[in-house]
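Visitor: My structure is below; once you've seen it, I'll send some questions.
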Amino acid sequence: MRAVFARDSAFMHGLDMVANAAVLTLLTVACSLPLVTIGAALTASYETAWSIREGKGYLLRTYMSAFRRNFPIATALWAVLAATGLALAALWLFANDTVATVAKIMLTLLWIIAMVWAWPLAARFENSVIATLRNALLFGGTSPITTLVVLVIPGIVIGLTAASIQWLPQGLYLLLVLGLGMTVQLQVPLFDHVLQPYVDKANA
C-alpha cells in the first residue's frame, strides 16, 4: 500500500496529471473569455504542459508568465486563424459547385493542420506569425501520423462528452473540467517526439 502512495508511483503520477488537467483547463478557459486572447491562452497551456512534463517550475506561475510573454505573437496567430476560419465557414455556406467543394476540402485540411500545430510551435519556438504558420503546415504535412493521433485525442474527449450528455449526465462536469487540460497533456509527448530534435538544435 505504501508503494502505491509513493511520490514516484504510477498512481501518484496519475493523480498529478488529473489535478494538473483541472487547473490547466480552468486557466485556459478563464484566459480565453475575452475571445481575442484564445491564442495566448492555448499557447500558454502547451508551454505549461511542457514544463510539467520536464519537471520545471510551478503550474500557475508558469502559465501566467507564458501567457504574458506569448501574448503578442499568439494573439496575431489567433487573428489570422480566426479570420481564415470564418472565411472558410462562409465558403462552405455559399460556394456549392464541384470545384469549390474540392477547394473547400483542401483549404479546410490546411487550416486544421495549422490550427493543430500553431500553438505548440509558438510555445516552443520564437518565430514570426508567417514563419510559425509555415512551420505548422510543414510539420503537419511531414508528420501525418502525429497530426492524426493529435486530432484523435480531442475527438475522443468530444465523443465522450456527447455520450455523457446522452447517457451519463453526472460525468459531464468531470469531462468539462478535465477535458482540455488532459488533451493538452496527452498531446505534448506526441509533439515533443517530433519537435525535440529542433529544440536541441536551437539550444545548441
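The values are calculated or read from the model by the stated rules, or taken from the named source; none is laboratory data. All figures in this text were calculated on a predicted structure; none of them were measured in a lab. Heads up, the Cβs are rebuilt from the backbone with ideal geometry, glycines too, and the neighbour counts pull from every protein chain shown.
Visitor: Would it be correct to say that Ala83 is more than 18 Å from the chain's Cα centre (by Cα) and modelled with pLDDT of 95 or more?
Guide: Working: more than 18 Å from the chain's Cα centre (by Cα): yes; modelled with pLDDT of 95 or more: yes.
In short, yes.
Visitor: Which condition number does Thr146 fail, the rest of (1) surrounded by 14 or more Cβ atoms within 10 Å (Cβ to Cβ); (2) over 21 Å from Thr28 (Cα atoms); (3) of a type in the set (Val, Ile, Thr); (4) over 15 Å from the mean Cα position of the chain (by Cα) being met?
Guide: All conditions are met except number (4).
Visitor: Do we have any residue at all in segment 195-203 that's surrounded by 14 or more Cβ atoms within 10 Å (Cβ to Cβ) and at pLDDT 85 or above? Can you show your working first?
Guide: At the first step, the residues of segment 195-203 found to be surrounded by 14 or more Cβ atoms within 10 Å (Cβ to Cβ) are 195, 198.
Remaining after also requiring at pLDDT 85 or above: 195, 198.
Yes - at least one qualifying residue is present in segment 195-203.
Visitor: In addition: Taking the condition hydroxyl-bearing (Ser, Thr, Tyr), under 17 Å from Thr84 (Cα atoms) and out of contact with any strand residue (DSSP E or B) (no Cβ under 9 Å at 6 or more places or on another chain), does Thr161 pass?
Guide: no
Visitor: Given the residues Leu178, Leu186, Leu160, which is the only one that is more than 27 Å from Ala79 (Cβ to Cβ), surrounded by 13 or more Cβ atoms within 10 Å (Cβ to Cβ) and in contact (Cβ under 8 Å) with a residue 60 or more places away in the chain?
Guide: On the way: Leu186 fails: in contact (Cβ under 8 Å) with a residue 60 or more places away in the chain; Leu160 fails: in contact (Cβ under 8 Å) with a residue 60 or more places away in the chain.
Going through Leu178, Leu186, Leu160 in turn, just one is more than 27 Å from Ala79 (Cβ to Cβ), surrounded by 13 or more Cβ atoms within 10 Å (Cβ to Cβ) and in contact (Cβ under 8 Å) with a residue 60 or more places away in the chain: Leu178.
Visitor: Sort through Ile105, Ile73 and tell me the only one that's in contact with a helix residue (DSSP H, G or I) (Cβ under 7 Å, 6 or more places away or on another chain) and either modelled with pLDDT of 90 or more or buried (at least 16 other Cβ atoms within 10 Å of the Cβ) (or both). Steps first, answer last, please.
Guide: On the way: Ile105 fails: in contact with a helix residue (DSSP H, G or I) (Cβ under 7 Å, 6 or more places away or on another chain).
Result of the check over Ile105, Ile73: Ile73.
Visitor: Can I ask one more? Among Val18, Val23, Val29, Val99, which is over 20 Å from Ala136 (Cβ atoms), under 18 Å from the mean Cα position of the chain (by Cα), aliphatic (A, V, I, L, M) and modelled with pLDDT under 90?
Guide: Values: Val23 fails: modelled with pLDDT under 90; Val29 fails: modelled with pLDDT under 90; Val99 fails: under 18 Å from the mean Cα position of the chain (by Cα).
After ruling out the rest, the residue left standing is Val18.
Visitor: Please state which of the following conditions Gly55 fails to meet, knowing it meets all the rest: (1) surrounded by fewer than 18 Cβ atoms within 10 Å (Cβ to Cβ); (2) touching a Leu at 6+ places or on another chain (Cβ under 7 Å).
Guide: (2)
Visitor: Just to check your reading of the model, which residue among Ala131, Ala114, Ala103 is hydrophobic (A, V, I, L, M, F, W, C) and touching a residue at least 24 places away in the same chain (Cβ under 8 Å)? Reasoning before the result, please.
Guide: Details: Ala131 fails: touching a residue at least 24 places away in the same chain (Cβ under 8 Å); Ala103 fails: touching a residue at least 24 places away in the same chain (Cβ under 8 Å).
Just a single option satisfies the conditions, and that option is Ala114.
Visitor: Here are Ala76, Ala66, Ala87, Ala122: which of them is in contact (Cβ under 8 Å) with a residue 60 or more places away in the chain and within 18 Å of Ile38 (Cβ to Cβ)?
Guide: Details: Ala76 fails: in contact (Cβ under 8 Å) with a residue 60 or more places away in the chain; Ala66 fails: in contact (Cβ under 8 Å) with a residue 60 or more places away in the chain; Ala87 fails: in contact (Cβ under 8 Å) with a residue 60 or more places away in the chain.
None of the others qualify; the one that does is Ala122.
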